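Have a look at the structure below, then the notes.
The values are calculated or read from the model by the stated rules, or taken from the named source; none is laboratory data. Because the structure is predicted, anything quoted here is derived from the model rather than measured. For neighbour counting, all protein chains shown are included, and Cβ atoms are generated from backbone atoms with ideal geometry for every residue, glycine included. For the accessible areas, the whole protein counts, side chains as well, though only heavy atoms, and no ligand, DNA or RNA atoms are used. Shrake-Rupley method; radii C 1.70, N 1.55, O 1.52, S 1.80 Å.
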Amino acid sequence: MRKNLIEASKLHFKAHIEKHRVNIENLLENGVGVAEHPDIMQTVEKELEIIAEYDDELEMLKKYF
């Protein structure tokens, strides 16, 4: 059970990292004309912050478990 929970957590963190990485790629490729994101740089920074949080959690999981 322990191993399954740890593996599921790793997959969860990696999936969220990928989701937000794709969001940034999309903004970089199609930034013009994205109405709900008038400040692209601010939006990219928010996405990077989210990636950093999940990356930190993933690294702590790997380091301690």
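Which pairs do you get when a residue that is open to solvent by 100 Å² or more (accessible area, probe 1.4 Å), found in region 51-65, comes within reach of a residue that is at pLDDT 95 or above and assigned to a helix (DSSP H, G or I), reach meaning Cβ atoms under 6 angstrom, with the pair 6+ apart or on two chains?
The qualifying pairs are Phe65/Ile6.
The conditions are (1) open to solvent by less than 80 Å² (accessible area, probe 1.4 Å); (2) part of a helix (DSSP H, G or I); (3) at pLDDT below 95, and Val34 fails exactly one of them. Which is it?
So the condition that Val34 fails would be (2).
Take the conditions open to solvent by 50 Å² or more (accessible area, probe 1.4 Å) and modelled with pLDDT under 95 and apply them to Val22. Does it pass?
no
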